[in-house]
Each structure stands twice: as C-alpha cells, then as structure tokens.
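Enquirer: Before I ask anything, let me first share the structure, which is written out below as structure tokens.
The values are calculated or read from the model by the stated rules, or taken from the named source; none is laboratory data. Nothing here was measured: the structure is a model prediction, and the numbers come from that model. Quick reminder, even Gly has a Cβ in these numbers, built from the backbone with ideal geometry, and neighbours come from all protein chains shown.
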Amino acid sequence: MRRIRIASRASKLALAQVNIVKEALEKLSDDIEISIVEISTKGDRDKSNFLYKSESIGFFTSEVEKAVSDGRADLAVHSLKDLPTAETTGLVVAAIPKREAVADALVASGPAASIKDLPAGATVGTSSLRRIAQLCRLRKDLKCVPLRGNVETRVRKVTEGEVNAAIVACAGLNRLGLADKISAVLAPEQFITAPGQGALAVQVREEDTELIDLARQLDDKPTRIATEAERLVLASIQGGCSIPLGVYARIAEGQLEIDAMIADIKGEKYVRRSKTTCLEAAKSCARELANELLEAGGREILQQLRGRRNDL
C-alpha cells in the first residue's frame, strides 16, 4: 500500500481543500493511505494589515512546498492564486482540479444586492489591492480598511459590525459551507478576479512519477487552460502577486475569453483590456494582453506603486 502524506496550511479552509483532493485520490485507488501534514506558513504567522507591503514571494506556499521538497510530505495542495508563477525547482503542478466558483462575493451586515446598495461612507474590509482599486473606482465614498484573518474571522467581523461589509472569494465561502453569508456575487467579467482564483494546485516532486501519474487524473483541462492563461498574464506583467491586477479567463464555445485590469490603488487610473482566441493560441494571447495593459498605462501604475509601497 502506498502511503501519501499531503502538506497543507493548517487553516480550516486549507484543510477543507486538502480533503477535496484526498477524497478524489482515494476514489482513484484502493491501494493508498493518505495522511495530512499541517504546515505553519509566514503568511499565517504575519498579522500585518497589508500583505502588499511585503516583498515576499510565496507568502502562503513556500514552506508548504519545502515540506514536499525535503521529504516530510509527498504532495502539496495550494490555492492556485497563492502559488508564485515561477516554477519551484524539483516540483511540478501535477493537477489543477475543476475550478470552484471564480467570483468574489460581497458579505454585508445589512441588505445589499450589490456594491451600489452599501450605505454612504460604508467601511469595506479587504487587504487586496485588486479589490481596493475596483471598489474605489465604483464608489469613491467607500472606506476600505485592512481585514486579515481566515475566512470565518472576516465574516464574523462583518456580522459583529466591525466593518459594514467585506469582499471574500465565493470559492472559500462555498468550501466552508458559508454560502449563506453571501449578500451578492460580483460578476467576474465586471469585478475582475485574481489570477487562478477558485482553483487548486496539486504539487508533487518531479521524480515521483508514480504519484504524478495518479494525481494527473484529477487534472481538469478547461480549468488548466484558463488558469494558466491568467497566471501567464501576471507573470508577463512581472509585478508580483500583490499588485492591483485582475485576470479572468474562461472557455466559451471552444474559444478562450480573457478580461484583465490593472489600476492604481484609488481606482483613478484604470486600464482594462479583453481578448478572445482559439485554445491553441492561449499562451500567446495572454502575453499579448499583458503587453497591452503595460503599454496602455500599466507600466506607469506599477512604477508608482513600487515608489509608494513603503509609505502605504
């Protein structure tokens, strides 16, 4: 019997995601025994308000990856949006399972079917530059305040009145059984999501061909094509994962449609571009889209952000 140790962050959401993969693997083979190795990451330990102040790469993933690399675990499960776009030496993403809901959700303390329904001057909790930029563009009067902690904590801070609302990924709420807390689903074509949002990455040592072959059976081709295109836009921008960039790709009628945006923190400089291509040209299309964003003002936005990072 093959014993498989899965490395994961110790949060309730991370463990829920691990169990999705664990159960799927167990359905593929009766000859495996799976255990979970919980890892504390820098992102879990660092309680600073704004993650985008950090220059760290792999804030929530590097220590989980290290557990696989050094043999403490055989496989890792990550939120794909947290995984750096540069491949880690010796590791391979063997599977990207079928994506959960892509969209962001509005969680509000009172009735609100959309962002426009929030009261004047409402406080909205989020530590994401992408979300802050889009919120400010939609509503100049909203006050965005830092909101860290796990998903359950962020939802609780809304229900207890610490903030009027929060923006949280639908996928996390769904996986935790908290879908009833969603006040409104923000259409990803309009409120553009993070590259890879809603998807998981199953990572294995590249020499473990037996486990790679097993894990690859969980790979969902449409999800991989779409998320790889999103992450390639991010990689081509070369701005790191903590920038006000949104990319949403999906397959419709056999073609890949990609929407992307980049903005300054106040949402005053906002650049959006969209492209449609055949699936075979997905990678070249993603690179072209990234270049269009940069040429249309994205490069200046990134330069300004780098200059202000330490003052934010």
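Enquirer: If you go through segment 160-178 one residue at a time, do you hit one that is buried (at least 18 other Cβ atoms within 10 Å of the Cβ) and at pLDDT below 95?
Expert: No - not one qualifying residue is present in segment 160-178.
Enquirer: In addition: Which of the numbered conditions does residue 240 fail, given that it passes all the others? Conditions: (1) modelled with pLDDT under 95; (2) buried (at least 20 other Cβ atoms within 10 Å of the Cβ).
Expert: Failing condition for residue 240: (2).
Every residue, every condition in (1) surrounded by fewer than 18 Cβ atoms within 10 Å (Cβ to Cβ); (2) over 29 Å from residue 12 (Cα atoms), yes or no:
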| residue | (1), (2) |
| --- | --- |
| 111 | yes, no |
| 116 | yes, yes |
| 123 | no, no |
| 127 | no, no |
| 130 | no, no |
| 140 | yes, yes |
| 144 | no, no |
| 147 | no, no |
| 150 | yes, no |
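Enquirer: Which residue pairs have Cβ atoms closer than 6 Å, lie 6 or more positions apart in sequence or on different chains, and pair a first residue in segment 221-246 that is assigned by TED's automatic domain parsing to the domain that holds residue 273 with a second residue that is in a helix (DSSP H, G or I) and aromatic (Phe, Trp, Tyr)?
Expert: Here the result reads 242/52, each pair linking segment 221-246 to a residue that is in a helix (DSSP H, G or I) and aromatic (Phe, Trp, Tyr).
Enquirer: Among the residues of segment 214-246, count how many are part of a loop (DSSP other than H, G, I, E, B) and hydrophobic (A, V, I, L, M, F, W, C).
Expert: Number of matching residues: 2.
Enquirer: Being in contact with a Ser or Thr (Cβ under 6 Å, 6 or more places away or on another chain), farther than 16 Å from residue 175 by Cα and crowded, with 18+ Cβ neighbours inside 10 Å is the filter here; which residues of segment 80-105 pass it?
Expert: Those that are in contact with a Ser or Thr (Cβ under 6 Å, 6 or more places away or on another chain), farther than 16 Å from residue 175 by Cα and crowded, with 18+ Cβ neighbours inside 10 Å: 82, 83, 96.
Enquirer: Mind counting the residues in segment 247-268 that are part of a strand (DSSP E or B) and in contact (Cβ under 8 Å) with a residue 12 or more places away in the chain?
Expert: Result for segment 247-268: 14.
Enquirer: Okay, next question. Being polar (S, T, N, Q) and either assigned by TED's automatic domain parsing to the domain that holds residue 243 or not in a loop (DSSP other than H, G, I, E, B) (or both) is the filter here; which residues of segment 155-182 pass it?
Expert: 159, 174
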